[in-house]
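Here the structure comes first, spelled out in structure tokens, and everything after it is commentary.
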Amino acid sequence: AGSGIGRACATALLHDGWKVVFVGRRVDALNESIARAGDPYGDIVERALAAPCDVGDDQSVAAVFNSVRGRYGRLDLLFNNAGMGLSVQTPDQIPAAEWRRVVDTNLNGAFYCLSEAFKLMRGQSPQGGRIINNGSISAHVPRPGSIAYTATKHAISGLTKAANLDGRGFDIAVGQIDI
């Protein structure tokens, strides 16, 4: 939620009355997002939280979700939005470390967040919630030189479909948008 789509969505939810945890790598950017959102109801301190996190690190993700549990006691909505790409490159030009960085952020990070959300949503009363994964039109119409981004966003579609099936018995609905 430190910039772009994440910031815009977090701000919109805050203005709609939700309690919002702004998650991203840079706490300064998260605090800026909260400040820019304003204080529409006069209770921003209670309804907005900056939570720095590297979604590619499962322990970092678990810590954020533990904070959510501790502060709010439940989770009703996860917007799974973290994503990154590389400069335009053909497969032979991509170092393995860069490939893993994209996979860790775009796919593993989405799974870690979804998994932690399931834990909270299954255990809360009333049970359930909603998860929105941000895929990409690139999964359906790739651009040249974007194999890492395209492959991981294509995988998000599979993650979404499987998680939606797994969530049905717990009133957890998982959907996807492709921006």
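Some observations on this one:
- For the chain, the longest principal axis of the Cα atoms and the long axis of helix 27-37 meet at an angle of about 60 degrees.
- Expressed as a fraction of 2.2 N^0.38 Å, the C-alpha radius of gyration for the range 63-176 is 1.18.
- In range of the label at residue 170: residues from the range 109-140 whose backbone nitrogen is under 17 Å from the point 7 Å along Cα→Cβ: 110-133
- Net charge dipole, the chain: roughly 240 debye, given to the nearest 20, about the Cα centre with Cβ charges of +1 for Lys and Arg and -1 for Asp and Glu.
- For residue 111, the shell of other residues with beta-carbons less than 11 Å away shows a net charge of -3, using +1 for Lys and Arg and -1 for Asp and Glu.
- Inter-part distance where the range 1-34 and the range 65-79 are each reduced to a Cα centre, Å: 15 Å
- Carbon plus sulfur fraction of accessible area for the chain, probe 1.4 Å, in percent: 56 percent
- Computed about its Cα centre, the charge dipole of the range 46-94 is approximately 340 debye, with only Lys, Arg, Asp and Glu carrying charge at their Cβ.
- When the alpha carbon coordinates of the range 1-135 are projected onto the principal axes, the ranges are 52, 33, 22 Å, largest first.
- Taking the three principal axes of the alpha carbon atoms in the range 2-60, the coordinate ranges are 34, 21, 17 Å, sorted in descending order.
- Ordering 8, 56, 73 by the projection of their Cα atoms onto the charge dipole of the chain, which places +1 on the Cβ of Lys and Arg and -1 on the Cβ of Asp and Glu, puts 73 at the extreme positive end.
The values are calculated or read from the model by the stated rules, or taken from the named source; none is laboratory data. Note that the structure is a prediction, hence the values are computed from the model and not measured. Neighbour counts run over all protein chains shown; Cβ positions are idealised from the backbone, glycine included. Surface areas here come from the heavy atoms of the whole protein model, side chains and all, with no ligands, DNA or RNA. Shrake-Rupley method; radii C 1.70, N 1.55, O 1.52, S 1.80 Å.
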